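Quick note: the coordinates plus some simple rules give every number you see, no bench work behind them. Since the structure is predicted, the reported quantities are computational estimates derived from the model, not experimental observations. As a convention, Cβ positions derive from the backbone with ideal geometry for all residues, glycine included, and neighbour counts pool all protein chains shown.
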Amino acid sequence: MKLIINEIFYSLQGEGGRGGEASIFIRLTKCNLACSFCDTDFTEGVEMSVDDILSRIKKYPCKWIIWTGGEPTIQLRDEHLAVFRQQGYKQAIETNGTRKVPSLIDYIACSPKQDYESVKGRIPKADEIRIPIKEGDSIPDISVFPKADYYFLSPVFDGNKINLQNVDYCVDMIKKHPQWRLSLQIHKLIHIE
């Protein structure tokens, strides 16, 4: 059982409902979208066995893994997740919602970038929905999304620099639609990986 890994690192979750929590990030290669604002290189990677990944992450005192990408559902399967679960890890996924999520995931952060209405058919329930927003974007009605504990608007940054127009726009939209919450990319604001 192998996965193509772009990077593995230990940091704090920088956004959303688990913001500020220590987490082990495992970034998988490949994505089925090409978003103009994407700040992640997910094209290059190294093939690693599950045992190699476990060996690499055991040095971290944390037991939360965040599977991210690219789009992790392109590679990630329950048979991979079962091995980490047996070792005591809780596992979150950051997905764009274009594919079904493996059943052994403990926390789903869904960040749809397009075709919002179709996500419900693949992900009936998420822990959080987090959508990137630029000034002038229309804000979809929450009812088009899967049921979730949290619904976040996340202002698009200019690379690693905050875009205050996008932040102001999100704040204004949340005031008009208070069922949404604000999620800033704090990892970019405090310059951590």
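Neighbour counting of Cβ atoms within 10 Å sorts the residues Met48, Met1, fewest neighbours leading, into Met1, Met48. Phi angles across the range 147-154 convert, under the Karplus curve 6.51 cos²θ - 1.76 cosθ + 1.60 with θ = phi - 60°, into 3J(HN,Hα) values of 4, 8, 6, 9, 10, 10, 9, 10 Hz, Gly and Pro given as x. Pairs of Cα atoms nearer than 8 Å and 6+ residues apart set the relative contact order; for the chain it is 18 percent. The lysines within cross-link reach of Lys120, meaning a Cα-to-Cα straight distance under 20 Å and a gap of 8 or more places when in the same chain, are Lys100, Lys147. Seen against the Cα atoms of the chain and their longest principal axis, helix 164-176 is set at about 70 degrees. Taking amide H as placed 1.01 Å from N in the peptide plane, the amide H of Tyr151 sits under 5 Å from that of Ile129, Arg181, each at least 5 places away or on another chain. Classify the range 90-193 from the C-alpha gyration tensor, please: rounded if a/c falls under 1.5, else prolate or oblate depending on whether a/b exceeds b/c. Oblate is the answer for the range 90-193, as a/c is 1.5 or above yet b/c matches or exceeds a/b. Here the chain is treated with +1 on each Lys and Arg Cβ and -1 on each Asp and Glu Cβ, and its dipole about the Cα centre works out to around 480 debye.
Within the straight-line cut-off of under 12 Å between alpha carbons, the aspartates and glutamates reachable from Lys161 are Asp39, sequence neighbours fewer than 8 places apart in one chain being disregarded. Projecting the Cα atoms of Gly69, Thr43, Leu164 onto the charge dipole of the chain, computed from C-beta unit charges around the Cα centre, puts Gly69 farthest toward the positive end. Just the number, please: percent antiparallel of the DSSP beta bridges in the range 2-189, rounded to the nearest 5. Here the antiparallel bridges make up roughly 35 percent for the range 2-189. Here the residues Glu71, Glu79, ranked from fewest to most Cβ neighbours within 10 Å of their Cβ, fall in the order Glu79, Glu71.
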